[in-house]
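Heads up: the structure comes next, in structure tokens.
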Amino acid sequence: MTRVLVVTLDTVAERMAGPAIRAWETASYLAAEHDVELVTFGACERTAPAFAVRRTGPAQFREEVAAADVVVLQGYLMRAFPWLRTVPQALVVDLYDPFHLESLEVTRGESEERRAASTAKAVTELTAQARRGDFFLCASEKQRDFWLGHLAAAGRVNPATYDDDPSLRRLLDVVPFGIVQDAPVSTGGALKGVVPGIGVDDHVIVWGGGVYNWFDPYTVIRAVDRVRETVPTVRLYFLGMAHPNPDVPETVAARRARALADELGLTGRHVFFNDDWVPYDRRADYLLDADIGVSAHFDHVETAFSFRTRILDYLWAGLPVVCTAGDAFGELVAAENLGRAVPPEDPDAMAAVLEELLTDHAERAVVVGNVHGAAQRFRWPVVLEPLSRFCAAPRRAADADRPLDLAAFGGEPGPLRRLREDGAAAARLLRDEGAAAVVRRVRVRLGR
């Protein structure tokens with residue numbers, strides 16, 4: 001039995017965003033065969049019968065890594081803990097979220113210096129991960145092409161990794177976001193006849209997840225403004241306007257979406273906003289009360305390589321999908337008739353397909369059948385198979401014995417930086433473990 005440590009920076013609670021959901025479901029699945037622990041540097045309010053879940057800190061994290069055989073990590077961890085580069089454990093780096101591309105849009109409107117610094121931080125982190133990881137995960141074949149380029153630039157496409165596996169699947173494989181194994185079951189209505197302004201016979205379009213700056217809620221709102229002329233019962237419901245992590249502020253896109261709905265006179269009549277975030281275990285109640293799932297984005301590089309996790313919830317609930325063309329899911333929706341993929345920023349095209357899927361019951365039935373079939377391929381036990389195989393027989397990468405470039409991890413710190421870092425570490429240790437622990441750590445440092 002392999003000891004697996006799954007690490008996230010995100011809030012693990014009743015309300016969870018994508019990174020925490022992925023970590024939670026990964027831990028849940030692997031726990032059937034392995035000794036699994038899930039740790040987070042964010043808030044932790046959930047427990048699980050099959051695996052340990054807890055909040056961690058810098059000192060505890062090192063001990064948790066030392067006790068594991070395999071560490072599955074995501075987010076900004078390698079630069080924060082440079083000692084990860086020398087640990088003997090097999091490191092699995094989850095690259096499903098290209099957060100350096102997100103940074104380009106998240107920081108739009110800030111100063112040039114801050115935007116450059118944010119992007120540089122993200123790229124440096126990802127390069128550090130690329131230098132050290134033993135096995136990498138991504139969310140789609142399109143993403144895999146993208147990340148192969150990053151790994152090649154980091155020197156990981158080399159004779160050792162190529163001779164180990166010319167396909168490089170043993171280095172980088174596809175593990176999409178998944179769907180829970182059990183079919184969704186409603187515990188009670190959540191939208192129709194429940195939300196003031198949404199009747200029991202209304203046609204509900206649901207926007208799953210948050211409203212971030214790379215999304216295009218405006219085209220959907222304008223499309224609903226058109227559709228209400230022919231389908232007066234159309235309703236658009238945004239599931240989450242407030243991120244479950246309180247440190248994430250309201251986005252510009254969320255504010256502008258509200259303003260547009262107000263301007264068109266749709267708020268509370270045809271467009272509705274959930275000012276909170278739907279609890280993870282209640283999302284089925286909302287999805288099963290809807291008729292269509294929608295997702296729209298701009299023609300950005302981030303959207304081209306992203307993997308829209310909210311669309312998987314639509315497949316899970318058997319909802320026809322209306323989305324923007326141009327990304328992996330847009331291609332899938334179009335190729336397998338899971339709904340409709342429309343050009344970016346085209347409210348007329350969006351309105352036409354929404355009206356069609358709300359009123360053409362025969363076509364809708366065909367689409368729903370296709371959706372149920374496609375959903376089977378995205379069940380967590382199916383998509384996690386590459387990671388499951390790795391954990392069953394953990395290994396270091398074929399080129400693990402190559403010399404590491406310290407510059408990729410920030411280089412060796414200078415005296416002043418080292419002094420500041422030691423001071424900060426001592427303060428944390430004093431707070432967490434007391435003066436005796438500080439003395440022990442100093443003795444170890446002096447011995448070195």
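Here, each number is a calculation from the coordinates, and none is a lab measurement. This one's a predicted model, so the numbers in the text were calculated from it and none came from an experiment. Because the Cβ atoms are built from the backbone with ideal geometry, glycine has one as well, and the counts that use them run over all protein chains shown.
The table below lists the values:
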| item | result |
| --- | --- |
| Calculated P(r) tail over 26 Å for the range 162-279, as whole % of Cα pairs | 36 percent |
| Inter-probe distance in nm under a simple model that places probes 7 Å from Cα toward Cβ, at ASP401 and THR119 | 4.0 nm |
| Of VAL333, ALA122, LEU312, farthest towards positive along the dipole that unit charges on Lys, Arg, Asp, Glu beta carbons give the chain | ALA122 |
| Under Karplus coefficients 6.51, -1.76 and 1.60, residue-wise ³J(HN,Hα) of the range 356-365 in Hz, glycine/proline x | 4, 6, 8, 10, 8, 5, 5, 5, 4, 4 |
| Exposure proxy ranking, count of Cβ atoms within 10 Å, fewest first, for TRP380, TRP207, TRP147 | TRP380, TRP147, TRP207 |
| Exposure proxy ranking, count of Cβ atoms within 10 Å, fewest first, for THR233, THR86, THR8, THR267 | THR86, THR233, THR267, THR8 |
| For the chain, radius of gyration divided by Kirkwood radius, i.e. Rg to Rh on alpha-carbons | 0.99 |
| Gyration tensor over alpha-carbon atoms, the range 56-121, equivalent ellipsoid semi-axes in Å | 30, 13, 9 |
| Peptide ranges 271-277, 215-221, 62-68 listed from the most packed, as the mean C-beta count within 10 angstrom indicates | 215-221, 271-277, 62-68 |
| Rg/Rh ratio calculated on Cα atoms of the range 203-378 (Kirkwood radius) | 0.93 |
| Positive-end residue, the range 183-333 charge dipole about Cα centroid, Cβ charges, pick of ALA183, TRP214, LEU266 | LEU266 |
| Cβ charges +1 (Lys, Arg) and -1 (Asp, Glu), total dipole of the chain, debye | 1940 debye |
| Where labels lie 7 Å past Cα in the beta-carbon direction, separation of ASP163 and VAL382 in nm | 3.8 nm |
| Mean separation of Cα contacts under 8 Å (6+ apart) over length of the chain, as relative contact order % | 16 percent |
